[in-house]
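Enquirer: What follows is a structure written as structure tokens; I'll ask about it next.
Please treat every number below as a calculation from the coordinates, not as lab data. Predicted model, so just to flag it, every value in this text is computed and none were measured. Reconstructed Cβ throughout: ideal geometry from the backbone, glycine too, with neighbour counts over all protein chains shown.
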């Protein structure tokens, strides 16, 4: 693999998308009994606009900032305790979402491929986060079954997350052509 040389504009885009992820994580949308944030939306827009390499770096920088205590996570929280908590696996799952989505988008930037890539990235995030949740919850409270974990942590968020993906695809396609950030035409 050859060296990747980032230009100043790449670094600016990465920084901008880190800020967008932080701001979107602070936005809470009421949804029946379970509110949700726009964090996953921002992750998918980041990958959609920046591609795998730059998008993955933006996601990593976002997570590292949160890890060292900068309050970039939902609820203006930061620190290792957030990542080590029951929902930390979903945040770490963003790395795998970025990889899966980015690898697929390297092959094609068609709208249907982008939507499918983001859905697959979401499934990977759900899988990693739910497994993490089950392990941490079992250590801190009690053992919980897969179905219970899915009904608490995944099922209530499927419809909002699919809506966020739909908007992320539209924004990535429309804004991407003006930013000239797409890796594949």
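Enquirer: Within 10 Å, count the other beta carbons around each residue, average over each peptide in 26-32, 126-132, and list them highest first.
Expert: Those peptides, ordered most packed to least, come out 126-132, 26-32.
Enquirer: Tilt of helix 39-67 relative to the longest C-alpha principal axis of the chain, in degrees (0 to 90, nearest 10)?
Expert: For 39-67 against the chain, the angle is about 50 degrees.
Enquirer: Hey, another quick one. Measure off 7 Å from each Cα along the Cα-to-Cβ vector at residue 139 and residue 76, then give the distance between these two points in nanometres to one decimal.
Expert: Each label point lies 7 Å from its Cα, and together they span 2.9 nm.
Enquirer: Taking neighbour counts of Cβ atoms within 10 Å as a proxy for exposure, in what order, fewest first, do 6, 76 appear?
Expert: 76, 6
Enquirer: So what is the relative contact order for the range 13-86, in percent, with contacts set as C-alpha pairs under 8 Å and at least six apart?
Expert: Values: 97 pairs, mean separation 22.0, N = 74.
Reported as a whole number, the value is 30 percent.
Enquirer: Separate question: Determine, for each peptide in 56-64, 36-44, 102-110, the mean count of other beta carbons within 10 angstrom over its residues, then list the peptides with the highest first.
Expert: Ranking, from highest mean packing down: 36-44, 56-64, 102-110.
Enquirer: May I pose another question? Under a crude label model (7 Å from the Cα following the beta-carbon direction), how far is residue 147 from residue 175 in nanometres?
Expert: Computed distance between label sites residue 147 and residue 175 equals 4.1 nm.
Enquirer: Specify the angular offset, from 0 to 90 degrees and rounded to the nearest 10, of the alpha carbon long axis of helix 8-26 from the longest principal axis of the alpha carbons in the chain.
Expert: Value to nearest ten degrees: 30.
Enquirer: Can you tell me which of 13-21, 171-179 comes out highest on packing, and rank the rest after it, using the mean Cβ neighbours within 10 Å?
Expert: On the way: 13-21: 19.8, 171-179: 14.4.
Taking the mean over residues of other Cβ atoms within 10 Å, the ranking is 13-21, 171-179.
Enquirer: Which FRET efficiency, nearest 0.05, do residue 166 and residue 26 yield, Cβ-Cβ r, R0 25 Å?
Expert: Once rounded, the FRET efficiency stands at 0.70.
Enquirer: Calculate how steeply helix 88-107 sits against the longest principal axis of the alpha-carbon atoms of the chain, using the helix alpha-carbon long axis, and give the answer as 0 to 90 degrees to the nearest 10.
Expert: Computed tilt is about 30 degrees.
Enquirer: Mind sorting 23, 124 by how few other Cβ atoms lie within 10 Å of their own Cβ, fewest first?
Expert: Details: 23 13, 124 19.
With the fewest neighbours first, 23, 124 line up as 23, 124.
Enquirer: Mind jotting down the three principal axis lengths of the chain based on Cα atoms? Whole angstrom, largest first.
Expert: In descending order, the Cα extents are 49, 34, 34 Å.
Enquirer: Run the numbers for residue 110 and residue 7: contour at 0.36 nm per residue of separation, minus the present Cα-Cα distance, in nm.
Expert: 34.5 nm
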